[in-house]
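No lab work stands behind these numbers, since they all come straight from the coordinates. Source: prediction; values computed, not measured. No Cβ is skipped: glycine too gets one built from the backbone with ideal geometry, and neighbour counts run over all protein chains shown.
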Amino acid sequence: MKAPERRKSSRRVSSMVVAAALAGGACIPLQAIHADAANELDDAVARAQYAYFTGDTRSLEAALNLIDAVEVPANLNRSKEYYAAYGRWKLAQLYVDASKQTRGDKGVARSAASKAAQGCIQHADAMLKLDPRLAEGHAIEAACGGVTQNSDSCLRSKSLRTALELDPTNPRIKLIEAICFGNGGNRSPMELFEKLRGVVTAFDTAPVSRPGNPDWGQAEALVLLGDVQLQRGDALAARDMIEKALVIAPDYRKAQELLQAAASRPRGESR
């Protein structure tokens, strides 16, 4: 995945066009203005996803600032809040990963993770006020709540139960359920393996996302399953999953690191 190219501010362009049209007595279709805002939001979301895959917290924070700054019409408010919540969940995950590293100030990383998770919950709440039946919104809220609470809170949360009741076959919701399950204590590796295998199958059989709809999650599911397979000592199957993830997101740093680990692992050796 290449880094998204920078665009001129579409907000500035649209303002100039509107001003010129008003001066000439012309009428600007609302659809054109709405499309302009949608493109600007899509650009910011693409930057956020790229920053997450490359593990760049600073760029992800900058992309979230862009999402927050986009001025959208009322019909796009739900999407804006969705991606503001989703992006902060990804940011919290990156900071949690950083807190597990041996270098750096772990306390600072944990504090940053907590702040990002709280921001995620706030945007998820705003999103669900606009659409209480948005299943993925409930699931993202559960995932963010699990960052700041005990390990089982996500899996037991009302938000996750609601998401599963509203859309039980949604692969992104099933992915969040598997992540919540894996973060709990004393989980059976076999149970986690089966859950993640089910998530990967759900993505494989799901309809292709329409333009403008969420399409995240498949690369992450493949990497998580590959990681579990690597822990089970099946380096060949792990490499297969990780390579599929890299086809979707070539710059996915975690996938690159796991692929190196799988390549150097003698067959049948577990961690």
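Structure data summary
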quantity: Cα centre as origin, Lys/Arg/Asp/Glu Cβ charges: segment 30-151 dipole, Debye; calculated: 560 debye
quantity: Filter on K90/K254; K90/K174; K129/K158; K115/K174; K129/K195 - keep pairs with C-alpha separation over 20 Å; calculated: K115/K174; K129/K195
quantity: Ranked packing of 220-228, 36-44, most packed first, by mean Cβ within 10 Å; calculated: 220-228, 36-44
quantity: Contour excess over end-to-end distance, with Cα ends at K115 and T169 and 0.36 nm allotted per residue; calculated: 16.4 nm
quantity: Stretchable slack from E194 to D42, in nm (0.36 nm times residue separation minus alpha-carbon distance); calculated: 51.3 nm
quantity: Spacing of the two label points (7 Å from each Cα toward its C-beta) at V247 and D131, in nm; calculated: 3.0 nm
quantity: Förster-model FRET efficiency, 25 Å R0, D105 and D68, C-beta, rounded to 0.05; calculated: 0.40
